[in-house]
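Below is one structure, written out as structure tokens; the observations come after it.
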Amino acid sequence: MDKSMMGDLDNLPEEDKLRMSAMIDQLQIRDSLRMYNSLVERCFNDCVDSFKHKNLQKQEESCVNRCAEKFLKHSMRVGMRFAELNQGAATQD
């Protein structure tokens, strides 16, 4: 878990800190799984055209690779932007 998230929890009893830490970890795992599932669903729907073959065709495979790369780059950029905005908000307080 990110240590910056624990900053506001310093005043809680140790048992509550552990419980909150576990809940935050669970939320992070859930969000990661949602992102992965969204990636798989979107790229599959956009790239896979038929089920005639056991394996992906070359054009389907390259489409999936491009789709996944774009999705991950976009997600990283959005995450960096949120971090920039959070850092700016923290310095204004």
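Consider the candidate values [x] 74, 43, 17; [y] 54, 22, 19; [z] 60, 31, 14; state which one is Cα extents along the principal axes in Å computed from the structure displayed. Only one listed value fits the structure, namely [z]. For the chain, the 222 nm mean residue ellipticity estimated from helices alone, with every DSSP H stretch of n ≥ 4 adding -39500 (n - 2.57) and the total spread over all residues, rounds to -27500 deg cm²/dmol.
Per-atom-type breakdown for the chain gives carbon and sulfur 55% of the accessible area (1.4 Å probe, protein chains only). With angles folded into 0 to 90 degrees, how steeply does helix 58-92 sit against the dominant principal axis of the chain? Use alpha carbons for both and round to 10. Helix 58-92 and the main axis of the chain meet at about 20 degrees. Solvent-accessible surface of the range 12-93, averaged per residue with a 1.4 angstrom probe and all protein chains in place: 86 square angstrom. Comparing LEU27, LEU12, LEU39 in a Gaussian network model of the chain (Cα springs below 10 Å), the most mobile by mean-square fluctuation is LEU12. For the chain, the longest principal axis of the Cα atoms and the long axis of helix 14-47 meet at an angle of about 20 degrees. Under the simplified labelling scheme, the GLN57-ARG34 pair shows an inter-label distance of 3.5 nm, with each label point 7 Å from Cα along Cα→Cβ.
Here the label points at ASP49 and ALA83, each 7 Å from Cα along the C-beta direction, are separated by 3.9 nm in the simple model.
The values are calculated or read from the model by the stated rules, or taken from the named source; none is laboratory data. Please read all numbers here as calculations on a predicted model, not as lab measurements. With ideal geometry, Cβ positions are generated from the backbone for all residues, glycine too; neighbour counts draw on all protein chains shown. What goes into the accessible areas is simple: the full protein's heavy atoms, side chains included, and nothing from ligands, DNA or RNA. Shrake-Rupley method; radii C 1.70, N 1.55, O 1.52, S 1.80 Å.
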